[in-house]
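The values are calculated or read from the model by the stated rules, or taken from the named source; none is laboratory data. These numbers come from a predicted model, not from an experiment. Note that each Cβ is placed from the backbone with ideal geometry, even for glycine, and that neighbours are counted across all protein chains shown. In case anyone asks, the SASA skips ligands and DNA or RNA and just uses the protein heavy atoms, side chains included. Shrake-Rupley method; radii C 1.70, N 1.55, O 1.52, S 1.80 Å.
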Amino acid sequence: MFSLVPTLASYLSDAITTAYASLRSADLPAHAAYTVSNSLTSYRDRVNRELDVPDVTPRPSKPVLAGRTPSERLMLLVLRIFCVGLTWAYHLSSLHPAIWRRLVRRYRPGLSRLARVHARATCRLAALSVPAYRDFLRGRKDFPETSKKTYVQAYDEISRCRNGRLDLVGTMVDESSGSSGRPFNWVRGHRELAAVYRNAACYTGLIFQVRKPFVINAFSMGAWATGTNTGIAMLKVAMVKNTGPDLDKIVDTLAHFGPDFDYLITAYPPFLKHLRDRLDSEGFDWPAYKIHGVVGGEALTEALRDYLTERFASVRSCFGASDLTIGMGVETGFTVWLRKELLADPELRAELIGADEQRLPMIFQYNPLDTYLEVNNSSELLCTVTSTHALQPKLRYNIGDEAALRSYEDVVRILKREPARWQAAMEATGGERMSLPLLLLYGRADSTISYMGANIYPQDVEYGLYEENPLAEMISRFSLSLVETADHESRPIVNIELRQPIGDPEREELAATCRAGVLRHLAKVSRDFAQSLAEDPTAADVRVRIFDPAAGPFAAIAQKLKNTYLVRETGDRS
């Protein structure tokens, strides 16, 4: 069946290519720096201006499909045949796990070329059938990037649907929130959701080859995409209990059902550590149980993975986004080994990610036939969901993550130069043997910290520092960092630079006041953060550090005209 797909692609790609120019990566302007007010007066002036000026945020546009020319109708027919054919070919491959495993284990570079043609065709199809995208392309060359600001906020939900129609029956609405606290709603149709669930189930079945699977879903439940969709997807391969992040319920569940099951617990990384610590404190019989962990929502450090796998049989991370879908990429035995090897081998690290790159990326394998990825000139990740089942097509969508892409063949070629290293990689891979491309994910590209499933934005922190703060005049500027502590938990740090040195009592008072203000504002504007606080009180452990002028993390940026908001640190181990 799959041998016919490249033939179909070759036959139709010439027709498609003549209809529109080759897709090029569009340059994005650099993110505008968010300038911190350096005085309480300027901050108050800005707030007063905001209060005096009425809300002029434009309402989402609601374009409708205009008439098509005969040539456009012909092209629409050709594109539909091509895109629907590929979508259903991949759909058939995921109907049975054995067929799906054969595909991901025998993935070849030719399929990546096919995926690129499919992504281009998907953009062209949307240009003819999605009112919002057709309007978005007016006056623009080729197929530029889309984003939450330029596309999602600019057009309403219905105009972003295929043919301007929103199917109601079977459609699920997920929610996420941004820096303003305004919720974003993401609609997904029943066929789209079914495909997501099948893929997640296939990945899970391959990576966690267990006898009696029992999934305890500890992700936040409700309108948030990850928790609800994870629970539904896992029903295809396991018995599922959706506890949410409730330690008592999970402890009771393990005790009630006993060690005769193979448990798979899904959660944010910090919560999985809290679970281990809680079970340890109660003398849990770890050797009698077999428990795996799956995490998402934020990066997992290797130190925390090592800490968790002292008890858990394995811990793997998944990559997804509320804007797009869950399970776009997964950690495999191969990528976990490779990431650890990058920590230990400077030469391999220099060859794969660059000699000057000090950050350690998360490494996932992903399927371009389902989710086509690329990076722009700013190394930001762009995603095109190629399935025609998608109710609202995601087209070269920029979610603000910094990333790099490497083919499996390129990485294997490097590893095979040393036979012993290649042998170690194969032993770590085990029975998975996926040959899918690799996504190297560095995290947010917009000075945002991801913590407990929520994004912490610099502008929200600034409001928390200055709003109703009688000590605000002491603050010169601030920066953010995410530090792994000695107990392997990641905690957000707000670093504050003083205008002038002050005594220890004043430092303690300022730190306490600022911490309370930041927590109060984050809980007010971010539903995700408020939900985390309600479900896990330790999420309130946002730390504040006070520095003298040009000291600590501010020493290196003292002469810069623009502030640096994200400071990467190795950890304070406190």
*Based on the Cβ-Cβ distance of Ser281 and Glu418, what FRET efficiency does E = 1/(1 + (r/R0)^6) give at R0 = 30 Å, to the nearest 0.05?*
0.10
*Ellipticity estimate at 222 nm from DSSP helix runs (n ≥ 4, -39,500 (n - 2.57)) divided over the chain, nearest 500*: -12500 deg cm²/dmol
*Which distance in Å, rounded to a whole number, links the C-alpha centroids of the range 199-222 and the range 98-154?*
28
*Listed residue (Pro270, Leu439, Pro458) projecting farthest to the positive dipole end of the chain, Cβ model*: Leu439
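Can you give the percent of C-alpha pairs in the range 225-358 whose distance is more than 22 Å? The partial results should precede the final answer.
Numbers: 3856 of 8911 pairs.
Above the 22 Å cut-off, the range 225-358 has 43 percent of its Cα pairs.
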_To make sure I understand the rule: partners must be lysines, Cα under 24 Å from the Cα of Lys141, and not fewer than 8 residues away in the same chain. Which ones qualify?_
Lys62, Lys149, Lys394
*Kindly provide the pair-distance distribution of the range 230-291 built from C-alpha pairs, with 5 Å bins from 0 and whole-percent values in order of increasing distance.*
3, 16, 29, 28, 18, 5, 1
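Applying a 10 Å radius around every beta-carbon, put 527-535, 303-311 in order of their mean neighbour count, most first.
In descending order of packing, they fall as 527-535, 303-311.
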_Spelling out what I want: for every residue of the range 235-241, take phi, set θ = phi - 60°, compute 6.51 cos²θ - 1.76 cosθ + 1.60 (Karplus), and round to whole Hz; glycine and proline get x._
4, 6, 10, 7, 7, 10, 10
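Dividing the Cα radius of gyration by the Kirkwood radius, what Rg/Rh value follows for the chain? Show your work: numbers first, answer last.
Working: Rg = 24.7 Å, Rh = 25.5 Å.
In the chain, Rg relative to Rh is 0.97.
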*Between Ala313 and Leu247, with labels modelled 7 Å along Cα→Cβ, what's the label distance in nm to one decimal, could you check?*
2.5
*So who's got an amide H within less than 5 Å of the one on Val483, skipping anything under 5 residues away but keeping other chains? H placed 1.01 Å off N, in plane.*
Arg491, Ile493
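Considering only protein heavy atoms and a probe of 1.4 Å, how much of the accessible area of the range 75-144 is carbon and sulfur, as a whole percent? Intermediate values should be presented prior to the final figure.
Values: 1730 of 2990 Å².
Roughly 58 percent, rounded to a whole number.
In whole percent, and with a 1.4 Å probe on the protein chains, what portion of the accessible area of the range 331-428 is carbon and sulfur?
Values: 1750 of 3580 Å².
The nonpolar share, carbon plus sulfur, comes to 49 percent.
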_Distance from the range 279-343 to the range 357-427 (C-alpha centre basis), Å_ = 19
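Please give the length that would be gained between Ser61 and Phe184 if that part of the chain were fully extended, namely 0.36 nm times their separation in residues minus their C-alpha to C-alpha distance (nm, one decimal). Write down the numbers at each step before the final one.
Details: separation 123, 0.36 × 123 = 44.28 nm, distance 1.58 nm.
Length gained, Ser61 through Phe184: 42.7 nm.
Provide the packing ranking of 508-516, 325-333, 294-302, i.e. peptides ordered by the mean count of other C-beta atoms within 10 Å per residue, highest first.
Numbers: 508-516: 16.9, 325-333: 24.2, 294-302: 21.6.
By packing density, highest mean first, the sequence is 325-333, 294-302, 508-516.
May I ask you to derive the relative contact order of the chain, considering only C-alpha pairs under 8 Å and at least 6 residues apart, and to give it as an integer percent? Kindly include the intermediate steps, with their values, before the conclusion.
Numbers: 948 pairs, mean separation 87.9, N = 574.
Relative contact order here is 15 percent.
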*Which of the pairs Lys249/Lys273; Lys236/Lys290; Lys148/Lys524; Lys273/Lys340; Lys236/Lys273 have their Cα atoms more than 24 Å apart in this structure?*
Lys236/Lys273
*Residue-wise, which Karplus ³J(HN,Hα) couplings in Hz belong to the range 280-290, taking 6.51 cos²θ - 1.76 cosθ + 1.60, θ = phi - 60°, and x for glycine or proline?*
4, 5, 9, x, 4, 7, 4, x, 7, 10, 10
*Tabulate in residue order the Karplus-calculated ³J(HN,Hα) for the range 170-175, using 6.51 cos²θ - 1.76 cosθ + 1.60 with θ = phi - 60°, rounded to whole Hz; enter x for Gly and Pro.*
x, 8, 10, 10, 9, 10
*Taking amide hydrogens as modeled 1.01 Å from N in the peptide plane, which residues meet the under 5 Å criterion relative to Gly320, leaving out close sequence neighbours?*
Gly297, Gly327, Met328
_Under 5 Å, built H, 5+ apart or other chain: amide partners of Arg396_ = Cys383, Thr384, Val385
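Per residue, what accessible area does the chain have, given a 1.4 Å probe and all protein chains present, in Å²?
Values: 25150 Å² over 574 residues.
That works out to 44 Å² for each residue.
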*Label point 7 Å out from Thr538 along Cα-to-Cβ: which residues of the range 471-504 have amide N under 19 Å?*
482-494
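Please give the peptides 453-463, 118-128, 253-263 ranked by average Cβ packing (other Cβ atoms within 10 Å per residue), highest first, as a rough proxy for protection. Kindly include the intermediate steps, with their values, before the conclusion.
Details: 453-463: 22.2, 118-128: 23.8, 253-263: 15.4.
In decreasing order of mean packing, 453-463, 118-128, 253-263 become 118-128, 453-463, 253-263.
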*Starting from the Cα of Asn376, step 7 Å along the direction of its Cβ; do the same at Thr171; then give the gap between the two resulting points in nm.*
2.8
